[in-house]
Amino acid sequence: MTELTSAGDARKARPVAEALAEWALALVPSHEDLALADRALLDTVAVGVTARRHHILRVGASLAEVGRWAAACHVIDFDDLHMPSTAHISTVCIPVALATGGGSAAYLAGAGVMARVGTALGWRHYSSGWHATTTSGALGAAVTAAVALGLDADQTARAIALAVPAAGGVQRAFGTDAKALQIGLAAEAGIRAAEFAQAGASADISAVDAWLRLVGGDLDLLDLDGPAVPGGLAIKIYPACYALQRPISAVRSALDLAGAPLDPATVRRVRVRTPAASVQPLIHHRPQDGLQGKFSLEYAVATAILDDRQGFEAFSDEAVRRPEAQRLVGLVETTLVDQGDSLLSGRVELELHTAGGLIHASLEHPPGSPQRPPTEDELGQKVALCLAGSGVNRSDISWAGGGELLRRTLTGP
């Protein structure tokens, strides 16, 4: 049992699952909430379509359909992120909403619960090595499915509790297929939990409170005020871990301001100063393939120097293994400072020491972050990039037809 802050600052001692279930079922989305949901749908489905030939569909063939969709929407690491919880909310809740026919209402209810649970788990949970997307994701998926299936408050609370056994996943999976498969398992488990509750399965809903404490959560951070998804969602501009969005943007901005093209062969040393929290998921310092490159600060600097654009080709196995990329990776020296507890704490500062002098780069908020939301042009370019060659048009992506689109498109390699 814990106390939750609800609208009007009333505090009631009740189980977390009960309070979250009541909040989810009472949610009346605002215009802003619905706009966020529509953008999340467009972004997530477009990213999922990009993975239509990815081998994750083959290795994850034994997952339920919703699990395959969720894994595909995440595997290229181009999906959105909720900064306060450090969780990829839409890659879990969009596929579940589409698979169950729940639409934007189910998505926003599940996304709101996932955001709040993830925020209560907090940075201590994430920095200790948990994969917050899957720990909070199983519960968010359960609520998404519960709302879509028309469950009442008691059933929804039990669905949340029944999702707890699936609330796992660790960051050591980053840079491997296991990361996306963890996402798929969380989405699949959420629907299963809702179906168990609908069928009458019993559960002790206070197990959610116990689980939150066991995995390092802070019950006092559970807050039912605010919009459906407090803090909004960050949209990625580059197809890599969100922690790479800022260093890539910083280097590219500095090179653009320099005016003249930089010859990568003239780079002699790269010094990076960044908050320690901002590199938490960047566990590959000498990446050897594209997946590892998506979680490497050193490779982020290398591709920002070498490549005019950081699209899918910049994070291919071949691109990461380029001799010049590997040389630049080896030149990066990182100094970590104690500033804050999120991926966008403080600012990143870089010094590129070249044969011709020094180039300095510094950035606080990258494009696509909640502080610098993507423009319609930036989002349009991303969606066009993702849909290129797929036969899918932007206008094809809708709440009514999104599930069938994914079913038709993600048939495996």
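The values are calculated or read from the model by the stated rules, or taken from the named source; none is laboratory data. No experiment lies behind these values; they were computed from the predicted model shown. Using ideal geometry, Cβ is built from the backbone for each residue, glycine included, and neighbour counts are taken over all protein chains shown.
Remarks
- For beta carbons closer than 7 Å, sequence separation of 6+ or different chains, a first residue in region 285-305 that is under 21 Å from T335 (Cβ atoms) and a second that is surrounded by fewer than 24 Cβ atoms within 10 Å (Cβ to Cβ) and among the charged types (D, E, K, R), the qualifying pairs are A304/R252.
Table: residues versus (1) touching a His at 6+ places or on another chain (Cβ under 6 Å); (2) closer than 28 Å to D263 by Cα; (3) in contact (Cβ under 8 Å) with a residue 40 or more places away in the chain; (4) of a type in the set (A, V, I, L, M, F, W, C).
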{"site": "D308", "(1), (2), (3), (4)": "no, yes, no, no"}
{"site": "R322", "(1), (2), (3), (4)": "no, yes, no, no"}
{"site": "I359", "(1), (2), (3), (4)": "no, yes, yes, yes"}
{"site": "Q371", "(1), (2), (3), (4)": "yes, no, no, no"}
{"site": "L385", "(1), (2), (3), (4)": "no, yes, yes, yes"}
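- Take the conditions (1) under 18 Å from the mean Cα position of the chain (by Cα); (2) buried (at least 21 other Cβ atoms within 10 Å of the Cβ); (3) not aliphatic (A, V, I, L, M); T156 misses just one of them, which is (1).
- The set of residues in region 166-191 that are in a helix (DSSP H, G or I) and either without any contact (Cβ under 8 Å) to a residue 24 or more places away in the chain or hydroxyl-bearing (S, T, Y) (or both) contains only A178.
- Selection of region 215-255 for residues being of a type in the set (V, I, T) and part of a loop (DSSP other than H, G, I, E, B) yields V215, V229, I235, I237.
- Boolean, G402 is modelled with pLDDT of 95 or more, surrounded by 15 or more Cβ atoms within 10 Å (Cβ to Cβ) and under 22 Å from the mean Cα position of the chain (by Cα): yes
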